[in-house]
Amino acid sequence: MSGKIRLVKLLALESSTELLTAALYLDGRIVERESGRAALHSEIALPLVQALLDEEGLTLERLDGIAFGSGPGAFTGLRLACSLAQGLAVGAGLPVIGIGSLEALALAAGEGPIYACLDARMNEVYSAAYRVRGDAVETILAPTVSSPERVPLPPGQGWLGCGSGFAAYGPVLAARLGKAVGRLDPSLRPRAGGLLRLAVPSFARGEGIDAALATPLYVRDKVALTTAERLAAGGKA
């Protein structure tokens, strides 16, 4: 971690994609665990957190706060991370903070210009552009949802494209983004360890909030197509 951050102990939960991860920040050290990608998030999330705490000999009451991946991402996963963070925080009297999942994805990609893109289903993607320097993530293009053919174009060239959006719609995104994106890493996903790297300075600045005020960042406000929309997209009624 860069800068002078007071010693803290934090928990983070990230379940915006098919990958569920939990991590602890322990006075400068990050310990992360993940579930199998085929596992049901709702069934494994709490046991995963408890196992992580037990491994480090901690209880929730000894933590300073809880971070969660606020999205955008899978609606069910976002609600799970938010509600679990809220439940754990209320019981232990802890503040919470939501961290953007696309920011965490960009941080996982390393330094430089990063174009983060996640599969949003319904023939759409979530995308955003960031410039990463160390643990600082500067937003160049804010998170949005669109069809792969209409994703916002980042300025200039030399961007690294990462995330499940490129796995699902690689050729379409390549045609749209052209020379702007020169390298790809479709396998990257947002992870709880990345959330912690972003959350620690936020907690240090006093940005943690009451658990009751925590909300996911959906970006898209509907989860299903109407029959007419499915037919227009070439689907079945």
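The values are calculated or read from the model by the stated rules, or taken from the named source; none is laboratory data. Note that this is a predicted model, so its numbers are computed, not measured. Cβ coordinates were reconstructed from backbone atoms using ideal geometry, including for glycine residues, and neighbour counts include every protein chain displayed. All accessible areas refer to the heavy atoms of the entire protein, side chains included, with ligands and DNA or RNA removed. Shrake-Rupley method; radii C 1.70, N 1.55, O 1.52, S 1.80 Å.
Tell me what the chain gives for mean residue ellipticity at 222 nm when only DSSP H runs of n ≥ 4 count, each as -39,500 (n - 2.57), the sum divided by the residue total, rounded to 500 deg cm²/dmol. Theoretical 222 nm ellipticity from helices: -10000 deg cm²/dmol.
Here the accessible area is traced with a 1.4 Å probe on the protein chains. For the chain, carbon and sulfur cover 54 percent of it. Taking label positions 7 Å along the Cα-Cβ direction at both Lys9 and Arg121, the computed distance is 3.7 nm, reported to one decimal. Calculated from the structure at hand, semi-axes √(5λ) of the Cα gyration tensor in Å is found among [x] 31, 21, 14; [y] 27, 23, 18; [z] 38, 18, 17 as [x]. Which angle from 0 to 90°, rounded to the nearest 10, does the C-alpha axis of helix 192-204 make with the longest principal axis of the chain? It is inclined by approximately 60 degrees.
Exposed loop GluC sites (Glu not before Pro) only (DSSP loop, at most 14 other Cβ atoms within 10 Å): please give the longest stretch of the chain free of them, not including the sites. Between exposed loop sites, the widest span is 112-206. DSSP finds beta bridges in the chain, and of those with both partners inside it, around 65 percent are antiparallel. Once R0 is set to 22 Å, what does the formula 1/(1 + (r/R0)^6) return for the Cβ-Cβ distance between Gln50 and Ile209, expressed as a FRET efficiency to the nearest 0.05? It comes to 0.35.
Accessible area per residue was computed with a 1.4 Å probe on protein heavy atoms; Tyr218 scores about 70 Å². Using only side-chain charges placed at the Cβ, +1 for Lys and Arg and -1 for Asp and Glu, the dipole size of the chain relative to its Cα centre rounds to 600 debye.
Can you give the accessible area per residue of the stretch 1-138, in Å², using a 1.4 Å probe? Present the calculation step by step, with values, prior to reporting the outcome.
Values: 5470 Å² over 138 residues.
Normalised by residue count, the accessible surface of the stretch 1-138 is 40 Å².
The listed residues Thr59, Thr21, Thr215, Thr144, once ranked by accessible area (1.4 Å probe) with the largest placed first, stand as Thr215, Thr59, Thr144, Thr21. For the stretch 61-172, just say rounded, prolate or oblate: build the C-alpha gyration tensor, square-root its eigenvalues into a ≥ b ≥ c, call rounded for a/c under 1.5, and beyond that prolate if a/b exceeds b/c, oblate if not. In terms of gyration-tensor shape, oblate. Ranking Ala129, Leu195, Phe68 by Cα position along the charge dipole of the stretch 65-214, where only Lys, Arg, Asp and Glu carry charges on their C-beta atoms, puts Ala129 farthest toward the positive end.
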